Structures are given as structure tokens and as C-alpha cells.
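Colleague: The structure under discussion is supplied below as C-alpha cells; questions concerning it will follow.
Coordinate-derived values only; no laboratory data. The structure presented is a predicted model; accordingly, all values stated were derived computationally and were not measured. Cβ: placed from backbone, ideal geometry, glycine included. Neighbour counts: every protein chain shown.
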Amino acid sequence: MRTSTIAGLLSAAALVAASPLTERNNDGKSSRNQAGYKPRVGPSNANCKRETYEITVTSENTVFQNVNPDANQTVQTLQLSEFVAGLTSMTSNFTDTYTEPQKRNVTGTYSISGTLCTPKSGDPGNGKIQLLVHGIGFDSSYWDFASSEKGEDYYSYVAAAADAGHSTFRYDRLGTGLSEHPADTFNVVQASTDVAILTEIVKMLKAGKVGGKAYNSIAAIGHSYGSVQTQTITQRVPDAFDTVILTGFSTYTDYVPLYLTSTAYSPATSVAPERFPEGTFPYDNSYLITATPYTNQLNFAYFPYFTNAAVNAARASEQPVTRGVLYTFGSFPGPAPAYTGNVHVVTGDRDWIFCGLQCFANAPAGQTSIPAGVTALYPAAASFSAYVPLDVGHGINFHVQAPQVYAETLAYLDRVFYN
């Protein structure tokens, strides 16, 4: 495992990535973990190649104090309750107790696993690519989700994109899937680091460092926390993306504290020791998953619009999150006044986290839905639109309506990105 170093205060910047490395097997003790990772690289209609990239980034991170990555459940629970109390009542001393007043630069080199898929039928995109960014609880297989009861490709967005003749690149966020799992789950694995890695991946795609081909135009599609990262890039690097699609996302945050508590995040090694045995992570208590199938379903699925096989597959492949990410991601979404590309929001009307199951209620003034309110962040966008599929929960890609959502998404891209 590489050790990240804290440097002087500088603006967040990503550095040059080295050449991709050959994927190596995980022995259960290394800095990578594939418990629950689906072995398939991609759907049958695409040529897919998975590689590991050594990515060096510098990011301006929150500095945590009085924390221990291997803290027991009691200590973790206290920290979470103080954090959520601060979100809801502003009476908590979480910030004073657990963070330093000033942010600092963290520099590190991390192994990030990514998969490029090009259609077997050929890609007429002329240097255009879709960059897929997954959210919390998943790795990049969220975009190639497979559950055999409806056919291996039924839930796969990658397969739908390949059918339409489009290439995709997806990657496992730091601390998930086949990417590296750093030991410092507070000061390293947090939102600033993830945004810096995404920024570098954009540079890699444009420089021809992924698949040997330069992609001059990028449509970024995020899900949930992946949408948070994507939206942050539109603020910081307005010309990075030609089009962004923010799925499982809105600016309505009243239910985020309920998400943080109702998931009952607990150490993965204690919740699922058969997948995450002791020694899987640098510290056994440092990476978290939802406590039970019920707390997972509450937040990500909407009954009865999923099959048991699909929701069980999502649970069986659930990937961990760090407290550093949970405590930092909420401060990132904000206005992107300089972004002039296209914006499309896709959030199910029964999204628990970003709508409280009612996306057509509490809509901002002048808007028909909560997701449509995201338009306020993009005053200079070339176009803005929102699509709210009915009877779909937060984890869009394992609901039975996923193919219909993909069809709408791809039709939108054909209009504004591939035209």
C-alpha cells in the first residue's frame, strides 16, 4: 500500500498518471479487495478491457483529528450521531472535536481499476465517450449490473450503450472493487480525493491514456455520490464535460441525515465476514457496509418494482464506504455558473435519499419536481432537463424499469451529445 503524504496548502490539482498495470489477483491481505466483485468484465456485445491505473493526485482535504480508522462500533456510533446532529440542529460540536480548522493538501498515488468497453459492432462516436461514475455501496459493476433471472444484460447500462454503438469507461472508486483500499479512511479516502481522481481520469481520457485513443468529448454520467463528484467537476473544471447526466440526485437534502442513520453502516468485516474476513482491509473496522438487507433495501430499492434476485445480487456485491467519504461528500454540490454544457437529471420518483419517496412533492417554486430544481445550479447551461421515472427507487439500475430509463438516457444523448 502506498502512503499518502500531507503537503503544504495548495489548490487541489491532479498530476500525471503512469501507464496502466496488469490486474493482479487479491490475496485477502493486500490493498485491493474483490469480495463480491463480479468476475465478468463486460457484456457480450462489447469488447471490454479492465486495467489498473496508477494515479497520482493532490487534493485539498479535510483534516480529521481525534479519530481512529479501527475504532469500535461504539465510538463510530458516537461520531455518527454527533455528525448527524450537526446537520439537523447545528448544535453538535462534531467539527470542533473531530476536524482541524484548516484543510491541507494530501498527495498520494493510488491503484484505480477501470474498464473500457467499445461496441463489437463498431463505435461511430468520433472520439466521444461516456464516463460512468458509481455511487456509495457499489463499485463500477453498478453500470454493468447482472442478475440472471431476466438475462445477463437486462440491467446493464454498458450493454444498452454498446447496443446503441457507444463506448463507455467506468472505474472503481478508491476503496471499492479492485481499486486500492488505503489505511487512512478519514484523511485520504474522502470526497476531495475522489474528485481529484475523477479530474485526473478526465485528463487521461482526453490524452489518450485509456485504450490508446484520445476522447475529445466526454459525457459524464454519475449516480448518487458519483453525481456529487460529477457535479463538483462542473464547478471546478467547467470545460471537462460536454454533457452531464446526474442520476439519483437532487438539491433536496432533508433526507440525507436519515440516509446516514437508517443505513446503519457497520464494519464490513463484522456484517459480512464470509466476504470480508479479518485482514481484508488494513484495519478491520475501517470500511463500512449497510448493517442488514433491510437497511440496504430501505435506502436503495422501492418495492415491488424489483425482483428478489436483483436486490439480493446488489446486496451480495455491496462495496464498502469510509467515514471520511460519509462526513465530507455533503459539502460539495453547489452552483456551477461557468458550465455551458448540457445537463440532464434522472432521479426515480420513489428515491428515498434525494426525494423522501416523493419527487413530485416539495418541488422548488416554478418547477414540477424536486430533481428539476437542480437547474438553479446551472444558469449558463446550454440545455437543462429532468426525467423522473415512475416507481423507481434510488438504486435505479437494479429496478425492473432500468431498460426504459436507459432508453430515455441514450435518446437524450443522441439529441445533445452524439448529434
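Colleague: Under 8 Å for C-alpha pairs, at least 6 residues apart: give me the relative contact order for the chain, rounded to a whole percent. Don't jump to the answer; show the numbers that get you there.
Modeller: Values: 973 pairs, mean separation 77.3, N = 419.
For the chain, the relative contact order is 18 percent.
Colleague: Now a separate question. Assuming a ≥ b ≥ c are the square roots of the Cα gyration tensor eigenvalues, decide whether the stretch 170-224 counts as rounded (a/c under 1.5), prolate (otherwise, with a/b larger than b/c) or oblate.
Modeller: Verdict is prolate for the stretch 170-224.
Colleague: Which ³J(HN,Hα) values, rounded to whole Hz and listed in residue order, are derived for the stretch 235-241 from phi using the Karplus coefficients 6.51, -1.76 and 1.60 in 6.51 cos²θ - 1.76 cosθ + 1.60 with θ = phi - 60°, glycine and proline given as x?
Modeller: With coefficients 6.51, -1.76 and 1.60, one gets 6, 8, 10, x, 9, 5, 10 Hz.
Colleague: Here's a follow-up. So what's the back-of-envelope 222 nm ellipticity for the chain, counting only DSSP H runs of four-plus at -39500 (n - 2.57) apiece and dividing by all residues, rounded to 500?
Modeller: Values: 12 runs with 108 residues, N = 419.
Only helices count here, giving -7500 deg cm²/dmol.
Colleague: Moving on to the next point. Residue separation times 0.36 nm, minus the C-alpha to C-alpha distance between residue 66 and residue 253: what's the value? Provide the component values of the computation, followed by the final result.
Modeller: Working: separation 187, 0.36 × 187 = 67.32 nm, distance 2.77 nm.
Once the chain is fully extended between residue 66 and residue 253, it gains 64.6 nm.
Colleague: Need one number: nm distance between label points at residue 308 and residue 82, each 7 Å from Cα along Cα→Cβ, rounded to one decimal.
Modeller: That separation, rounded to one decimal, is 4.4 nm.
Colleague: Explain nothing, just the number: dipole magnitude of the chain about its Cα centre with +1 on each Lys and Arg Cβ and -1 on each Asp and Glu Cβ, in debye rounded to the nearest 20.
Modeller: Numbers: 25 positive and 33 negative charges, 145 e Å.
It comes to approximately 700 debye.
Colleague: Once you compute Rg and the Kirkwood Rh from C-alpha atoms, what is the Rg to Rh ratio for the stretch 244-324?
Modeller: Details: Rg = 14.0 Å, Rh = 14.0 Å.
Computed over Cα atoms, the ratio is 1.00.
Colleague: Return the inverse of the average 1/r over all pairs of distinct C-alpha atoms in the stretch 340-391, which is the Kirkwood hydrodynamic radius, in Å to one decimal. It would help to have the intermediate numbers written out before the result.
Modeller: Working: mean 1/r = 0.0899 Å⁻¹.
Its Kirkwood hydrodynamic radius stands at 11.1 Å.
Colleague: Same structure, new question: Beta carbons within 10 angstrom, averaged per residue: use that to sort the peptides 204-217, 383-396, 64-77, highest first. Intermediate results must be reported in sequence, preceding the final value.
Modeller: Details: 204-217: 17.0, 383-396: 20.6, 64-77: 14.7.
Top to bottom by mean Cβ count within 10 Å: 383-396, 204-217, 64-77.
Colleague: Let me ask something else about it. Would you mind classifying the stretch 121-183 by shape? Square roots of the alpha carbon gyration tensor eigenvalues, ordered a ≥ b ≥ c; an a/c under 1.5 is rounded, otherwise it is prolate if a/b is larger than b/c and oblate if not. The partial results should precede the final answer.
Modeller: Values: a/c = 3.30, a/b = 1.35, b/c = 2.44.
Oblate, because a/c is 1.5 or more while a/b does not exceed b/c.
Colleague: May I ask you to order 346-355, 263-272 by the average number of other C-beta atoms within 10 Å around their residues, highest value first? All intermediate terms of the calculation are to be shown ahead of the outcome.
Modeller: Details: 346-355: 25.9, 263-272: 21.3.
The packing order, highest mean first, is 346-355, 263-272.
Colleague: Sort out for me the Cα centre separation of the stretch 78-135 from the stretch 194-213, rounded to whole Å.
Modeller: Each part's Cα centre sits 16 Å from the other's.
Colleague: Which label marks the calculated value of Cα extents along the principal axes in Å, given the options [x] 53, 50, 45; [y] 61, 58, 37; [z] 71, 46, 37?
Modeller: Read-out taken from this structure: [x].
Colleague: Where in the stretch 92-107 does the amide nitrogen come within less than 16 Å of the point 7 Å from the Cα of residue 75, taken along Cα to Cβ?
Modeller: 97-99
Colleague: For residue 61, what residues show an amide H to amide H distance below 5 Å, using hydrogens built from the backbone and excluding near sequence neighbours?
Modeller: 104, 105, 106
Colleague: What fraction of the Cα pairs in the stretch 209-350, stated in percent, has a spacing above 25 angstrom?
Modeller: Details: 4128 of 10011 pairs.
Result for the distance tail: 41 percent.
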